[in-house]
1. For the residues A:467, B:476, B:584, what sequence is obtained by ranking on other C-beta atoms within 10 Å, fewest first?
2. Where does each of A:99, A:389 land when they are ranked from fewest to most other beta-carbon atoms within 10 angstrom?
3. Calculate the spin-label point distance for residue A:81 paired with residue B:158, positioning each point 7 Å from the Cα along the beta-carbon direction, and give it in nanometres.
4. If one takes the longest principal axis of the Cα atoms in chain A, at what angle in degrees, from 0 to 90 and to the nearest 10, does the Cα axis of helix A:204-234 lie?
5. Based on the mean of other beta carbon atoms within 10 Å per residue, what is the order of B:562-575, B:23-36, most packed first?
6. Explain nothing, just the number: relative contact order of chain B, from Cα pairs under 8 Å at least 6 residues apart, as a whole percent.
7. Please label the shape of chain B as rounded, prolate or oblate, based on the square roots a ≥ b ≥ c of the eigenvalues of the alpha-carbon gyration tensor (a/c under 1.5 means rounded; beyond that, a/b larger than b/c means prolate, else oblate).
8. Can you compute the FRET efficiency between residue B:328 and residue B:112 using 1/(1 + (r/R0)^6), with r the Cβ-Cβ distance and R0 = 30 Å? Round to the nearest 0.05.
């Protein structure tokens, strides 16, 4: 056994521009490395790891785990780089991917641009088979059908997706066609995804879409993970590679290869886990995570220290921020709302004089006008700079030069169209973008039955801390926390992410008719399959499972997710938890009332049953350090680095604010707003109704009155 | 601009969020499939002087004209106050049709009525004389038999007035379902009330009123600006709804449009149409207006705020007692939101196309065939419990526009793509039926330079108990027209297959009782094409053939595109030489034909 102290964990997060590497272990301060993301993603990974390990002073043999988040799956979907895939449907429903849900994303725009199906026209094939809504086989798959399908697809494809009607209830026909195909000696396709395994949930379009995306991604993801594992071994790292899923769980590569559709939001999931970790360290159970970067802002809720996870989302949208324009996927995912509001978002006047900010972005090139890279349109960053919220000497700790005059020129051109001065225009941009983000956050919270005024905020991303105070004020949020080194937050998140698996199945059951034992039976069988998977990956002594149900009033079209039971397995397998229909019913009504403000006296049914198994060891281990100090006011205030005029959104005017550097700020000393605190890669702006202090973990904590 | 442009943007954004929240509340808490799954509802905010301020993303025919609904509140209830709610489904008083129950909640701030929050939803059942919410054959409102609520008070002090609730529950076939949906509507309207009050509290009555004025003016300018690109002149367009028993000559329709691009104004006149017909197809004031306005909106820049300010630029002239106007009691308007309404949207957008290449659109699929039927019966899986509801399992093709092909999942012109297709699995869970097939129907697209979208071929039948289906398929006689040389979309058709597979044709508008083992087949309509199919890019035709939407035969005969199999892998490709020759030849013969007669459509 290795010496505890020499153990090393490596986190690698691949983003669009940078690959972030964090090396952490018992014997030293964690080391972070940023390298440019390479075309072949694994090259950047190897370089970053070598470099990071060296700087940390660890050796390849010390590495205990390599944790990985990647954009590979999402990019493969967007860039259409997956395998050539065939789709087998129930005969009569071959057009399912085309007909979709019928919902358009714009009422009056006849030029709708919807994603092309991932399966070519001639590869969508109907199979004569049928299962009823109750799961009874009405028509089995015949050997001749198997032979016919084999002849139609053999030799031309890399992967097969199978999705038959009601297969969530009974997957026997899906398995049968898979067996027929595999039984053919000439069939060399390795990847067959069947819907009863990928997403055994009701609603055939979404399930088909998910199964197809899974099959389509399998060849690419499998190849990539193989190369990565081989490469690590060549570097001398024998430790297992664990991959981050969209739902914040780490899994082994076997599971990642089987269900690559679950990897799509890998990176954002790591970011939210880091925010949740920050929330936990600061003792804030209910939080709005606010991540504002260069092109977008992402907002999500964290309840009881746990990021909210949705069971469905859209990928590869043709209109990035528009619902209904993407490929729907039934896979657990951190629930984030993403809007086109970032530092690079361009401000413009619409056709008739109204100020708009985003969603168009100046990106990294040409970038905001102040970057001097040829950008002439004013962006949010230009406004922030002109308003004194950002200092011209504080970009990347002063390493990057910015041009305030260029920003003001760009603002002035826009201002002339609005009849406003350059600074009033900048203030307008600041207010509009904050309003947009606050609005998105408010809706996101309300739609989950949460009161935004009762949430704290964790702000990160390059522009997050600049706007956090103003957004918080609009939302009525009273506390903000900014974690230290927000720039590599996602990679840090990997280090505190738990391993976990889940299982789900649709099986519609009226609460009035099902017995308690039957309910336990369904949950238990799902739990066993989730635990089976997990036991391959980790020690099971610190595993907890959560039993959940998608329930609804009979006849409703939408389900409400209800948490039924949470249990720690180390209490022993024997004490099977008690579950009663009455208890589930009242949990459902409670949740329903939270969401819609009332409950109905109607019969309830459970539609989909879910079990999540999580190894909580990692999260527990990292919980040692807590920010406990209370801020204290001190007569002798620390001296600011400088002072500057900046815009105060409360007063809607300019005031003078002292500017501090976070690293030279003493802990726990409370500073009254208005005040500006600069970190290496971001700047916290606090208005006149805020009080800020640095906690002992290096994070910044703001109280709003 | 007199108002702070930043505050204007902020408040407009807030309004959008409020109607979205209303929508979300209704959608997630509704009980019936037609609301919870198909989304046949809308939410809106109307000002106290009855102007549409903000509407959710909903079927245009549902939401444009919501302002007609609120005027009766003060007329019939002069002492109305906070805590009141009104139920309104009266087609003679501004509602769309009786199946749409609207809940109206006046919003007060500092004792002053500022807004009305509206939640309108298509009910599963409304107590009609037959188990359907669409009664095309009803000769008048008495034959329909629905309960009509002319803006009747249904809540006082935020509490139900139980007399009205009991009336509904007595008469409506699925009383619990109805009440669940009613509560969802009340919930949505009350959320709207709460949020609008918060807005008024935060900004004060004065600045809210200033905002409304400014926002309407801004929207009006946007609309006027969009209309500036249209060609000036007066135009007239004709179409017709199919004939059936109740209207043996069909319903001829005429729309006159006067466009003044300099003033940025459009006048649409529907007065030169026949009187109310003894059938359930009469328009209401709301649907007639909404339909032609939708036709205009489909023809211009989509990015315009849709409110009373913008609509000041579209004047719609209606006549009382007219089939496409304001209905005269007791004319039946049971089916006012689809059939004739769809025809009005169609003819309006087609007229714009006829005026000038590059404008408007061809006609889209109309009517509600068997894939959109109201089905009823009993379910042996639930101890013989009765069911009645409208299903949405098919799709109809949209008309082609100058820039792109028709939109595949269009449903009907008045829906604007805001409805959802039901999940077959959910439908089979809820109702005792099997769906055998929902396929895109080959060659049902209206050919054109840009083509219409094809319709669907849809087959379903009951499991072990008989089932009744009511449907209203239009476009069997007059399919959706193409424009500028484009062809018409495929026709609607309905038939029954008995247990031995024999076919019996059914009336396109009617109802049928299906026994176990029998199937109903619906051929759903395709959209019309835009421009000459011989000008369509051959590669696009190839793609349609590969997709299976267009047959090789039609590709050759109508589009003049010849395909051949590649020698290496057998895949299909355009035979460019033969295509060029064939197209040349076809163009010449069509030029000759047009010298003798008018163009193909």
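All of the numbers you see were taken from the coordinates with simple rules; none came from a lab. In this text the structure is predicted, and so the values were computed from the model without any measurement. For neighbour counting, all protein chains shown are included, and Cβ atoms are generated from backbone atoms with ideal geometry for every residue, glycine included.
1. B:584, B:476, A:467
2. Least crowded to most crowded, the residues run A:99, A:389.
3. 5.6 nm
4. Compared with the principal axis, the helix lies near 70 degrees.
5. Descending packing order for the listed peptides: B:23-36, B:562-575.
6. Computed value for chain B: 12 percent relative contact order.
7. oblate
8. 0.25
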